[in-house]
Amino acid sequence: MSYCSYINNNVLETTDFLLNKHYHDNQYGFQITDDDELFGRLILEINQAGLSWTLMLRKQESFRKAYDNFSIEKIAQYTEADRERLLQDAGIVRNKLKINAAIVNAQKILELRKDYGSFKGWIDAHHPLTKEEWIKLFKKTFKFTGGEIVNEFLMSTGYLPGAHTPDCPIFEKVKLIEATAKA
């Protein structure tokens, strides 16, 4: 079952369903222009590995608070004390490798900004690539960015197609926003 099918055909409005519906209808597949928000999505996708996306949606605000509103500059400066703080924070996923990836990836983005101006600028400079090319590029550039993480990150931010099925009402909404942005 596709994400669109789950959202558009579900009749049980549980808290988890409503979290997913809001994300599907307002964020999934939509481009993100703010670098910190774009990085925040990458942090969530990395942390979702091996877990459910619903859990990430439940913990999203805790991640935002724990990671200084996803500020790339602040995260890049995190110390060993910050790593320990994050490992003790029950509101997020307490995985040493994922925490380290967020810090190292923030530092890498600061390096990329020197040549591309922004994280988004770096992604835009390589767009469009095939999924396989994107995966190679991300694996070469960042930590903890396997194929599924890269695929979901790029699909969820509008760089790879497939976030919404053509029969989904949000499919046309995303197309319209993209067309308006290009005009």
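The values are calculated or read from the model by the stated rules, or taken from the named source; none is laboratory data. Predicted model only: the values in this text are computed from it and were never measured. Cβ coordinates were reconstructed from backbone atoms using ideal geometry, including for glycine residues, and neighbour counts include every protein chain displayed. When the accessible area is computed, the model is the full protein with side chains, heavy atoms only, and any ligands, DNA or RNA have been set aside. Shrake-Rupley method; radii C 1.70, N 1.55, O 1.52, S 1.80 Å.
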If each of E84 and E172 carries a label point 7 Å out from its Cα toward its Cβ, how far apart are those two points in nm?
5.7 nm
Carbon + sulfur, % of accessible area of the chain - ligands and nucleic acids excluded, 1.4 Å
54 percent
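Taking the mean number of other Cβ atoms within 10 Å as a proxy for protection, how do you rank 169-178, 32-41, 86-95 from highest to lowest? Provide the component values of the computation, followed by the final result.
On the way: 169-178: 13.9, 32-41: 18.3, 86-95: 15.6.
Highest-to-lowest ranking by the protection proxy: 32-41, 86-95, 169-178.
Multiply the residue gap between D34 and A179 by 0.36 nm, knock off their C-alpha separation, and tell me the result in nm, one decimal place. Please report the intermediate quantities before stating the final value.
Numbers: separation 145, 0.36 × 145 = 52.20 nm, distance 1.88 nm.
Stretched out fully, the D34 to A179 stretch lengthens by 50.3 nm.
Going by the alpha-carbon gyration tensor, a ≥ b ≥ c the square roots of its eigenvalues, is region 93-144 rounded (a/c under 1.5) or, if a/c is not under 1.5, prolate (a/b greater than b/c) versus oblate? Could you put the intermediate results ahead of the total?
Numbers: a/c = 2.83, a/b = 1.39, b/c = 2.04.
The shape class here is oblate.
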Which residue, chosen from A106, G40, I177, occupies the Cα position most advanced towards the positive end of the dipole of the chain, where the dipole is computed from +1 (Lys, Arg) and -1 (Asp, Glu) charges on Cβ about the Cα centre?
A106
Cα gyration tensor shape for region 93-183, rounded if a/c is under 1.5, else prolate or oblate:
prolate
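Projected area of region 7-68, taken from the Cα convex hull and averaged over every viewing direction, in nm²? Could the numbers behind the result be given before it?
On the way: hull surface 18.7 nm².
Over every viewing direction, the Cα hull of region 7-68 projects on average to 4.7 nm².
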Accessible area of V104 in the full protein assembly, 1.4 Å probe (Å², nearest 10)
40 Å²
Would you mind computing, in nm to one decimal, how far apart the modelled labels at S2 and A125 are, each placed 7 Å from Cα along Cα→Cβ?
3.4 nm
Could you give the length gained on full extension between L55 and R94, defined as 0.36 nm per residue of separation minus the Cα-Cα distance, in nm?
12.7 nm
What is the percent of Cα-Cα separations in the chain that go past 22 Å?
47 percent
With a ≥ b ≥ c from the Cα gyration tensor eigenvalues, square-rooted, and the rule rounded for a/c under 1.5, otherwise prolate when a/b > b/c and oblate otherwise, region 47-130 is oblate
Let me see the pair-distance distribution of region 138-183: every alpha carbon pair, 5 Å bin width, integer percents in order.
5, 20, 22, 21, 12, 11, 9, 1
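If I take R0 = 30 Å and measure r between the Cβ atoms of K65 and L12 in this structure, what FRET efficiency does the formula 1/(1 + (r/R0)^6) give, to the nearest 0.05? Show your work: numbers first, answer last.
Working: r = 30 Å, r/R0 = 0.99.
Working from the Cβ atoms, E equals 0.50.
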Measure up K65/K175; K59/K114; K65/K139 against 29 Å on the Cα-Cα distance and list the ones that go over.
K65/K175; K59/K114
